[in-house]
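Computed from the coordinates by the stated procedures, all read-outs in this text should not be read as laboratory data. Note that this is a predicted model, so its numbers are computed, not measured. Every residue, glycine as well, gets a Cβ built from its backbone with ideal geometry; the counts of neighbours run over all protein chains shown.
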């Protein structure tokens with residue numbers, strides 16, 4: 001039996017969304033366009049950087065920081081996540097940030113501007129050997145992640161404690177999940193069957209789900225992973241791209257590029273490229289959903 005879909009709350013206006021034309025380009029172009037931000041968006045940003053290098057070969061780009069805390073490019077460089085990335089933007093450590101969530105009030109007060117560049121869906125995953133074969137509702141997910149539901153039998157599965165895995169506090173996906181699914185309620189505290197992952201990553205968590213774990217991630221990170229299964233929400237499978245395009249799937253978000261109040265022509269050019277026909281083709285290549 002397909003569960004009754006959860007009621008969808010009225011959307012909250014997202015602060016500081018702007019168009020390309022309203023980006024302030026009063027600052028000079030940098031020698032290096034430094035970026036930081038979302039781990040979820042790594043593949044997309046890498047491909048967009050490659051494309052931008054063809055458009056503007058005179059300004060190299062970086063994404064993330066090395067072990068010494070320097071914005072560089074290379075194998076040892078990692079983005080710090082949406083939350084830390086936005087802080088680095090506000091502190092002037094980078095010139096642009098990819099964020100998989102909208103701005104928090106304090107970020108909006110710092111006059112950060114965000115521009116949507118793609119659409120994404122959040123999915124629930126379990127280990128491939130988990131006996132649970134059903135669908136979950138957003139209300140059930142809320143109860144699982146706030147600690148009200150603790151056994152798979154309570155949602156039609158086997159009599160097994162649910163091992164709940166949560167994303168790092170730096171994760172923009174965590175922020176979206178807390179706002180959209182938990183309706184801003186607090187996550188259950190860490191304990192024997194609830195663990196918050198220290199780093200913003202996905203593959204390492206997928207490896208430990210076993211037959212009783214649950215985790216949330218993006219469809220692009222979950223697809224093609226043979227160690228897990230995707231759980232439908234309200235009876236709808238997010239691998240159905242039409243359900244994302246027409247917004248019948250209940251956990252959809254936009255992802256953004258964030259810029260400071262005063263920026264440069266090079267930053268604006270990167271955003272323009274991301275929204276161009278070629279940039280939107282790259283969005284699809286990175287397994288996100290194009291905006292146009």
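Computed across the stretch 218-264, the Kirkwood hydrodynamic radius from all distinct Cα-Cα pairs reaches 12.9 Å.
For the pair residue 199 and residue 159, how long in nm is the line joining their label points, each one 7 Å along Cα→Cβ? So the label points at residue 199 and residue 159 sit 4.0 nm apart. Entry note, the chain: the mean residue ellipticity at 222 nm calculated from DSSP H runs of n ≥ 4, each adding -39500 (n - 2.57), is -7000 deg cm²/dmol after division by the residues and rounding to the nearest 500.
The simple Förster model, with R0 at 30 Å and r as the Cβ-Cβ distance, assigns residue 26 and residue 109 a FRET efficiency of 0.90. Along its first, second and third principal axes, ordered by size, the chain spans 62, 40, 35 Å in Cα coordinates. As a rough guide to protection, the peptides 100-110, 84-94 ranked by mean Cβ packing within 10 Å, highest first, stand as 84-94, 100-110.
Each residue, residue 239 and residue 225, gets one label point 7 Å from its Cα in the Cβ direction; the gap between the two is 1.4 nm. Each peptide in 140-152, 32-44 gets a packing score, the mean of other Cβ atoms within 10 Å over its residues, and the list from highest to lowest is 32-44, 140-152.
The gain in end-to-end length when the residue 17 to residue 67 segment is fully stretched comes to 14.7 nm, 0.36 nm per residue minus the alpha carbon separation. Applying D = kT/(6 pi eta Rh) to the stretch 234-292, where Rh is the Kirkwood radius over alpha-carbon pairs, T corresponds to 25 °C and eta to 0.890 mPa s, the Stokes-Einstein value obtained is 185 µm²/s.
Rounded to whole Å, the principal axis extents of the Cα atoms in the stretch 121-245 read 37, 32, 26, largest first.
Summary of packing: across the peptides 213-219, 253-259, the per-residue average of other C-beta atoms within 10 Å ranks them, highest first, as 253-259, 213-219. Taking Cα atoms, how many degrees apart are the long axis of helix 42-55 and the longest axis of the chain, rounded to 10 and kept between 0 and 90? Value to nearest ten degrees: 20.
Computed from Cα atoms, the angle from the helix 265-275 axis to the main principal axis of the chain rounds to 40 degrees.
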